[in-house]
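Input: a single structure, listed below in C-alpha cells.
The values are calculated or read from the model by the stated rules, or taken from the named source; none is laboratory data. Keep in mind that what you see is a predicted model, and the values were worked out from it rather than measured. Please note: Cβ atoms are built from the backbone with ideal geometry, for glycine as well, and neighbour counts cover all protein chains shown. Heavy atoms of the whole protein, side chains included, go into the accessibility calculation; ligands, DNA and RNA do not. Shrake-Rupley method; radii C 1.70, N 1.55, O 1.52, S 1.80 Å.
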Amino acid sequence: MPVVSFVRDRLFFDWTLLVPALALSLIGILTMSTFGQGVSLAPRQTLWLALATALYLGISAFDVRVIRRTPVVMALYAVAAALLVLLLLVAHPVMGARAWFTLGPVSFQPADLAKLALVAVLAKYLSRRHVEIGDWRHIIVSGAYAFFLTALILVQPDLGTALIFGAVWLGMMLVSGISKKHLVVLSVIALVAAAGLWFGGLHEYQRARIVSFVNPAADIHGSGYNAYQAKIAVGSGGLFGKGIGYGTQSKLRFLPQYQTDFIFAAFAEEWGLVGVALLLSLYGLLFARLIQISRSAATNFDAFFTLGVLILFAAHVAIHAGISLGLLPVTGTTIPFMSSGGSHLVLEFGALGIITSLARHGRAASRDKSANEYLG
C-alpha cells in the first residue's frame, strides 16, 4: 500500500485536502496584514481560521452520512431559503445590498449556507436521475431549485453571488451528462434572461460596472475605478512582485476592498507572476484531490456532492481572478480560503469536512446499495 494511502486511512482527516486549504488561508492572512501600518483584518481572520479548522476536524471525525437522506437535504434547503427571505425583511443594507445578518461584531451571510444547500439538493436530485438527464423534466426541476435561491439573491441585490449559483447549477448539469441540444437551448434562454436583466433587472450601478468592463477608461474615477486599480496592481507585480507588505496599490488604499473582493490583485502585486503560479498550483492540488475523491466515492450522492463543492470553489476562483485581471465585470465576489470573512471560510472548511467524512465512512458501502437515493 502506498505511504500516502496508508497514512490517510489511519487519520480521521485528509491532510491532502487540509494542507492546501490551510496554506491558501495563511497566504490570504499574510496578504491582508498591514504589519502595524493601519487597521488590519488579519487578526480576526486568524481567529476565524482556527474556528473553521476545528469545524473541519470535528465534522471529519464523525459519520455524517445522514446528509444523504432526503429529509435532511430538504431541511437544509428550506432553512437556507428561509434565511434569505428573512434577510430581505429585516436586514439593513450594507453597500447597497441586504446580504448580511449582523450581531454585534459578528456578521453572517446566509448566501454561504445557501450555496452548500444548493450543492446538496442537486447532488441528491442527480444521484439517481443523472441517467435520465435527457428528459427536460429533470432539467426544469433541478433548475427550479437553483432559480429560487438565485432569485432571492438577485433581489438583495447581489449579482456576483447569483452568478456563482448559476455556475454551480450549470456545472453540475454538465457533469451529469446533459446533451448538447439541451445545452444550446439553455444558452439561448440564458441570453434572453441576460437581456431581460439588462433592461429591467439590473440597478444603474450594476449596468455602469458592465459598461466600465467593456471600456474601463471611460470612467476611471467612477464605475471603472476598482477594475482599473486592480489591473494596475496585478501588472505592477511583475515576475517576482514588490515584496510582502510592499504592495502600494493595496497598502496605500488605492485598491478598494483589497482584503476581500480584490485580494487576488493585492496578492499578485506583492508576489508577482511566480506567486500567482504558486497560488494556482495550491488550488490545483485541492481540486485534483476532490476529483480523486469523487471518482472513488461510495455512492452517486457522494460523487455529485464532491464535484458540486469543486465546481463552487472553481467558480469563485475563476470569477474573482477574472475580475482582478479585467476579464470580467466587477461583481464583488470572494476567492475561497483567501478573502477576509468568517461565514464563507467556515462554509468552505465545513464542506471539506463533509467530503472527508463521507469518503472515510463510505468506502465499505456499495454504490448500488445507497439508501434513499431518490428525491421526490
Meets criteria (among the aliphatic types (A, V, I, L, M), closer than 19 Å to residue 41 by Cβ and modelled with pLDDT of 75 or more) for residue 239: no
Any chance the range 88-109 includes a residue that's of a type in the set (Ser, Thr, Tyr), under 21 Å from the mean Cα position of the chain (by Cα), at pLDDT below 95 and in a helix (DSSP H, G or I)? no
Pick out the one residue from 178, 139, 153 that is of a type in the set (Val, Ile, Thr) and surrounded by 23 or more Cβ atoms within 10 Å (Cβ to Cβ). 153
Matching option when the condition is of a type in the set (A, V, I, L, M, F, W, C) and over 26 Å from residue 148 (Cα atoms), among 89, 51, 84, 76: 51
Looking at the range 337-351, is at least one residue at pLDDT 95 or above, of a type in the set (Gly, Ala, Ser) and more than 22 Å from residue 174 (Cβ to Cβ)? yes
Just to be sure, is residue 83 without any contact (Cβ under 8 Å) to a residue 12 or more places away in the chain, aliphatic (A, V, I, L, M) and farther than 27 Å from residue 176 by Cα? no
Residues that are open to solvent by less than 20 Å² (accessible area, probe 1.4 Å) and either farther than 16 Å from residue 355 by Cα or polar (S, T, N, Q) (or both): which helices (runs of 4 or more DSSP H) entirely in the range 231-338 hold 3 or more of them? 263-295, 300-324
